[in-house]
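Peer 1: Please read through the structure below; I'll follow up with questions.
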Amino acid sequence: MTPDDKRTNRTDLVLSAILIAAGLTLSGISLMQLASRGEIHLAQTTQPTESQPSVPAGKSDGPAESKPGGTRPTTPAPEPARPNADAQKAGAKPALPPAPAEKTGEPIKN
């Protein structure tokens, strides 16, 4: 090794040691500041209000009371989303109108 190479290696070693020492010093200072605060900040929410549920729009009375262990009361009774073909032949309205022509594509050919 030439003296120039030794000097370059020594300079690199000293510079890296200084940078490592500076990083450890900054980390230590940061940890000391965190420890010295001693305050713990927690996010808190407000307590829920104990009020009765509001009456939905269009209803004069509120929702039906539920009974433990029983079935869920439904007023009015639920209807099927898509009546079967026999019901449609008997005059029941389909749940959705037919799709417009521009939304209907050609049948897939195998």
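The values are calculated or read from the model by the stated rules, or taken from the named source; none is laboratory data. For clarity, every value in this text was computed on a predicted model and none was experimentally measured. Please note: Cβ atoms are built from the backbone with ideal geometry, for glycine as well, and neighbour counts cover all protein chains shown.
Peer 1: Please name all residue pairs, on different chains or six or more residues apart, with Cβ atoms under 8 Å, provided the first residue is in region 2-19 and is surrounded by fewer than 10 Cβ atoms within 10 Å (Cβ to Cβ) and the second residue is at pLDDT 95 or above.
Peer 2: Close Cβ pairs (under 8 Å, with a partner that is at pLDDT 95 or above) do not exist here.
Peer 1: Considering Pro73, Pro80, Pro56, Pro97, which residue is part of a loop (DSSP other than H, G, I, E, B) and at pLDDT 75 or above?
Peer 2: Only one candidate qualifies: Pro97.
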